[in-house]
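*Asks:* I'd like to ask you about the structure that follows.
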Amino acid sequence: MADDYESFKVKVLGLTKIDLNAYKERQMKRRIDSLIAKHNYKGYDTYVEQLKKDKELFEEFVNFLTINVSEFYRNPEQWKILETIVFPELVKKYGNNIKIWSAACSTGDEPYSLAMLLSKFIPTNRIKIIATDIDNQVLDKARLGLYNQKSLASLPKEFVDKYFTKVGASNYQISDEIKRCVEFKKHNLLTDQYPTGCNMIVCRNVLIYFTEEAKDEIYRKFYNALANDGILFVGSTEQIIQYRQYGYESDRSFFYRK
Ligand SMILES: C[S@@+](CC[C@H](N)C(=O)[O-])C[C@H]1O[C@@H](n2cnc3c(N)ncnc32)[C@H](O)[C@@H]1O
């Protein structure tokens, strides 16, 4: 079974360009095994053969692999720090020209939250956020901008009132004004070229799934993607213990400065 998984990883890389070697193995294999069992396939080989033929199964697989739960204002205490300390500082230094990259943005909740908060400081027509993810399905959902009530639960009411229209009983459509602030693109953190000159990179709740080696490489690449003084904002369980080894400084948890 272990050998099977080794050759499965090679085939998945060929099919999806996702290198499962970079993700923590025990956790990933357990997830994949349960998905395959749910569909009653006998093993990796028959499942892979079906993945090649069945577009829906393929999309489900990519979607499942990439674990894409998200929500607006995830961990609100950190967004308070953004509002009271980090954004005012960036605005003071760079005015309206702040380049922000939301890496592994999932369904858009994170980059749209950034745009709404930033709109308290600069006009929306000057806000530019690049938002990327490896998964086309979540990017389509992000571009659509339709969310359920649950994903908005932590978002301050002033933003819900200002930038959403209620659709039906429990869905909310984000405004075009905020949509225009964000450019969504497909990007694989493990293989694609990184943008440069970013004043802030937000990458939250994805590196937890990666091996130490993969994380190490990504922290270095983020460093190079940041402008001098740029800030890396990470998830609540993703403190970088050895941040100095990559060249970062840190005034407070979850925010690292180049
Ligand atoms: C749990 S979501 C995090 C979303 C958002 N950053 C947040 O904190 O709410 C993880 C996202 O990482 C993306 N992802 C996984 N592997 C990736 C990779 N190699 N390159 C880019 N994105 C990846 C997934 O598609 C998924 O949308």
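*Asks:* How much length is gained on full extension from residue 126 to residue 42, taking 0.36 nm per residue of separation minus their Cα-Cα distance? Don't skip to the answer; put the middle values down first.
*Replies:* Numbers: separation 84, 0.36 × 84 = 30.24 nm, distance 5.37 nm.
My answer for the length gained is 24.9 nm.
*Asks:* What is the spin-label model distance, in nm, from residue 92 to residue 157 if the labels are put 7 Å beyond Cα along the C-beta direction?
*Replies:* 3.2
*Asks:* Taking the Cα centre of segment 158-258 as the origin, how large is its charge dipole in debye, to the nearest 20, when only Lys and Arg (+1) and Asp and Glu (-1) carry charge on their Cβ atoms?
*Replies:* Charge dipole, segment 158-258, about its Cα centre: 120 debye, nearest 20.
*Asks:* Could you tell me which of 136, 36, 58 has its Cα farthest along the dipole of the chain towards the positive end, charges placed at Cβ (Lys, Arg +1; Asp, Glu -1), taken about the Cα centre?
*Replies:* 136
*Asks:* Right, here's the next one. Subtracting the Cα-Cα distance from 0.36 nm times the residue separation, let me have the gained length for residue 236 to residue 183 in nm, one decimal.
*Replies:* On the way: separation 53, 0.36 × 53 = 19.08 nm, distance 2.50 nm.
Result: 16.6 nm gained on full extension.
*Asks:* Then there's this: Among 250, 223, 163, pick out the residue whose Cα is farthest towards the positive end of the charge dipole of the chain, where Lys and Arg carry +1 and Asp and Glu carry -1 on C-beta, about the Cα centre.
*Replies:* Farthest towards the positive end: 163.
*Asks:* My understanding is that a pair violates if its Cα-Cα distance is over 29 Å; which of 93/166; 11/185; 24/92 do that in this structure?
*Replies:* 93/166; 24/92
*Asks:* I've got another one for you. Taking the Cα centre as origin and putting +1 on Lys and Arg beta-carbons and -1 on Asp and Glu beta-carbons, what dipole magnitude results for the chain, to the nearest 20 debye?
*Replies:* 580
*Asks:* For the chain, take N as its residue count and report Rg(C-alpha) divided by 2.2 N^0.38 Å.
*Replies:* Details: Rg = 19.3 Å, N = 258, 2.2 N^0.38 = 18.1 Å.
My calculation over the Cα atoms of the chain gives 1.06.
*Asks:* A follow-up question, please. For residue 58 and residue 169, FRET efficiency with R0 = 30 Å and r from the beta-carbon atoms, rounded to 0.05?
*Replies:* That pair, residue 169 with residue 58, gives E of 0.40.
*Asks:* Picking from 167, 48, 91, which is most flexible by a Gaussian network model of the chain using Cα springs under 10 Å?
*Replies:* So, out of 167, 48, 91, the one fluctuating most is 167.
Every read-out reported here was derived from the displayed coordinates using simple, explicitly stated rules and does not represent laboratory data. It should be emphasised that the depicted structure is a prediction, and the values quoted were computed from it without experimental measurement. No Cβ is skipped: glycine too gets one built from the backbone with ideal geometry, and neighbour counts run over all protein chains shown.
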